[in-house]
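In what follows, a single structure is set out as structure tokens and then discussed.
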């Protein structure tokens, strides 16, 4: 599995608009064959902070996600809603699953 954590800080006045756009993107993402999971979490003590936990079957599926019709719509919609540029961190699954070691 190839996991991406996208960390976002949203303008306080844009929280609901961000959630609406991001949930639409997450629902569409779950229909992609290479997406195993797509979570949207909001920080409990700071509602302006979100993490998108994107779990792809492999790195190629993550690249394919950016070529979908819905991804650029989300990207362009949320651009002005963010308080700062989003950041992403990429991971490889260690457990559970057979990692070949």
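No lab work stands behind these numbers, since they all come straight from the coordinates. This one's a predicted model, so the numbers in the text were calculated from it and none came from an experiment. Neighbour counts are summed over all protein chains in view; Cβ atoms, including those assigned to glycine, are modelled from backbone coordinates with ideal geometry.
One table, with the values for the structure above:
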quantity: Condition check for residue 36: surrounded by 13 or more Cβ atoms within 10 Å (Cβ to Cβ), at negative phi and in a helix (DSSP H, G or I); calculated: no
quantity: Single unsatisfied condition, residue 17 versus (1) touching a helix residue (DSSP H, G or I) at 6+ places or on another chain (Cβ under 6 Å); (2) crowded, with 16+ Cβ neighbours inside 10 Å; calculated: (2)
quantity: Residue count for the range 73-88, restricted to those that are assigned to a strand (DSSP E or B) and exposed (fewer than 14 other Cβ atoms within 10 Å of the Cβ); calculated: 2
quantity: Within the range 50-72, tally of residues that are under 16 Å from residue 30 (Cα atoms), in contact with a helix residue (DSSP H, G or I) (Cβ under 9 Å, 6 or more places away or on another chain) and not in a loop (DSSP other than H, G, I, E, B); calculated: 6
quantity: Subset of the range 1-14 [over 12 Å from residue 82 (Cα atoms) and touching a helix residue (DSSP H, G or I) at 6+ places or on another chain (Cβ under 8 Å)]; calculated: 2, 4
quantity: Within the range 15-35, tally of residues that are more than 23 Å from residue 89 (Cβ to Cβ) and touching a residue at least 24 places away in the same chain (Cβ under 8 Å); calculated: 3
quantity: The range 36-56: number of residues that are in contact with a strand residue (DSSP E or B) (Cβ under 6 Å, 6 or more places away or on another chain) and either closer than 18 Å to residue 12 by Cα or in contact (Cβ under 8 Å) with a residue 24 or more places away in the chain (or both); calculated: 14
